[in-house]
Amino acid sequence: MLRLEGRGDADVYGSCGGCNEADPRFRCEHQTCFGCGLFCQRCLVQRHQTLPTHWIQEWNGSLFERRTLAELGLEVQLGHPAGYSCPTSRAGHEEFTVIDITGIQTVKVFFCDCDSNVAHWQQLMRVRWWPATVKDPRTCATFAVVRLFQILNCQGKVSAHDFLRSLEFLTNNDGLNPVKDRRRAFRHIIRQYRMTLMMKRAGRGHDPTGVHGTAQGELALRCRSCPQDGRNVPQGWDKINWVEMPEDLRLTSRRYKYFTFLAQDCNFRLINRDVSTAAKDPILGDGLGYFIHYGKYSEFLRDHVLEEEISSCSGFQAMFLANRKRVKGGVTCARHNMWRGNGIGDLQLGERYCNMDFILASALLGHIIFYLILSYDIACQYGKKFFERMTQLPPEFHLVIEVLRVWFKVPNFHLPPHKPPCHSPFSFHWMWGAVLCNVPAS
């Protein structure tokens, strides 16, 4: 390590590794530029035409001092291959900042105006730099650093604040030349990246209708094991007359394969991701993913805000105590623990029926349901007047299914507090075709 702090093989690297000029003073400090060879300023800048965010070390006679490639004269011309000049070049902002895995740097950027149809933000995207805004961008992040944060955030729960602070320390660890705060711009980039990535994975880029044609809940990943018409079930599966089928065939036909098992409950951990105001953290793609459409949801709740729910069973926290908690309600696949598209929504006053009804109907919108099995810790009460409440939803959310094909069950963990008359009818152990479902708390 001490050897690397100095010139190392000064006798070997006595001349520039590019042009053999005497007394080279510059080297790159990153391992992607293999070795510790010394170069003259011109050769080093030439070698880094496509690596503008690398840090350079300059020998001052006694130690190496850190320099940026912009200080050495490197200019990044967008819209053309590296090394080409542009006749209509326009300089970017004098403090144009690039956030990379190497740190946070100011880079000399020049935009191309040869083609007026290619905006400046598009030119940045084409070199894998994600701009914080599409209007006069001054800050961007490389695709590499965005992907790195995505992995660390999902796996290690690293926040954007801690991640960016780490990059600031990589840039300047002594605090003598503090880096300007880029957290707000970086958070904008991450939100844009995640939303765009969801659109890309959903195939919206190849759809003629584009982003604007995205249906409600289309960006959510569907459970591959649950029955989906046209995907993983035989044609005409929903037209089979199971009643007229002989008993021996009915028992061996395994029709329970086509059952839709859903679990309803509140999620207390999502409160940790609550936003302060919609103005500071606006909704992107309202209703296109896992959360329900906020506008339709709010309009429906305004007409049911004064409804009271009375329990004839035990006193349930979900119906009474939860009224004091601002949590999220959700609908998941009970067998495979997959969130349903449009299956999460705010519970302003706890787990009220009107909230859970709308969330459930949103999660079922556009799906053909053969049998619906609903798991809920207060299913014995929730099932009462269920179909009557369904008719109060907006017309497009009405549930099209026979009454006898909707079964209400209580997870086994929640059954003991219920009154004895609830135990057998609402137990999964007494349900045909239930097997050992991975129902939450069952």
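Is there a residue being among the charged types (D, E, K, R), at negative phi and within 27 Å of the chain's Cα centre (by Cα) anywhere in segment 346-354? Yes, there is a match, as at least one residue in segment 346-354 is among the charged types (D, E, K, R), at negative phi and within 27 Å of the chain's Cα centre (by Cα).
Looking for whichever is outside the structural domain of Thr106 (by TED's automatic domain parsing), surrounded by 16 or more Cβ atoms within 10 Å (Cβ to Cβ) and within 21 Å of Thr102 (Cα to Cα) here; the options are His48, His30. Which one fits?
On the way: His30 fails: surrounded by 16 or more Cβ atoms within 10 Å (Cβ to Cβ).
It is His48.
Checking the structure you have, find out if any residue of segment 194-215 is surrounded by 13 or more Cβ atoms within 10 Å (Cβ to Cβ) and in contact with a Pro (Cβ under 6 Å, 6 or more places away or on another chain). Within segment 194-215 (the criterion being surrounded by 13 or more Cβ atoms within 10 Å (Cβ to Cβ) and in contact with a Pro (Cβ under 6 Å, 6 or more places away or on another chain)), the answer is no, since none of the residues qualifies.
Note on segment 169-184: among residues that are without any contact (Cβ under 8 Å) to a residue 60 or more places away in the chain and either assigned to a helix (DSSP H, G or I) or basic (Lys, Arg) (or both), the one that is surrounded by the fewest Cβ atoms within 10 Å (Cβ to Cβ) is Arg184.
Against the list (1) within 26 Å of Phe169 (Cα to Cα); (2) touching an Asp or Glu at 6+ places or on another chain (Cβ under 7 Å); (3) surrounded by fewer than 16 Cβ atoms within 10 Å (Cβ to Cβ), the condition Trp55 fails is (3).
Matching residues to (1) among the β-branched types (Val, Ile, Thr); (2) assigned by TED's automatic domain parsing to the domain that holds Tyr256; (3) over 23 Å from Phe259 (Cβ atoms); (4) in contact with a His (Cβ under 9 Å, 6 or more places away or on another chain):
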{"position": "Trp339", "(1), (2), (3), (4)": "no, yes, no, no"}
{"position": "Asn342", "(1), (2), (3), (4)": "no, yes, no, yes"}
{"position": "Cys354", "(1), (2), (3), (4)": "no, yes, yes, yes"}
{"position": "Gly366", "(1), (2), (3), (4)": "no, yes, no, no"}
{"position": "Ile369", "(1), (2), (3), (4)": "yes, yes, no, no"}
{"position": "Leu374", "(1), (2), (3), (4)": "no, yes, no, no"}
{"position": "Asp377", "(1), (2), (3), (4)": "no, yes, no, yes"}
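Within segment 247-264, residues that are in the same structural domain as Val410 (by TED's automatic domain parsing) reach partners that are at pLDDT 80 or above and assigned to a helix (DSSP H, G or I) with beta carbons closer than 7 Å, at six or more positions or on different chains, in the pairs Gln264/Met356; Gln264/Leu360. When Thr260, Thr214, Thr252 are screened for being over 23 Å from the mean Cα position of the chain (by Cα) and modelled with pLDDT of 85 or more, only Thr260 passes. Would you mind stating whether Ser311 is part of a loop (DSSP other than H, G, I, E, B) and at pLDDT below 65? For Ser311, the condition - part of a loop (DSSP other than H, G, I, E, B) and at pLDDT below 65 - is met.
The values are calculated or read from the model by the stated rules, or taken from the named source; none is laboratory data. Predicted, not measured: the structure shown is a model, and the values here were computed from it. Heads up, the Cβs are rebuilt from the backbone with ideal geometry, glycines too, and the neighbour counts pull from every protein chain shown.
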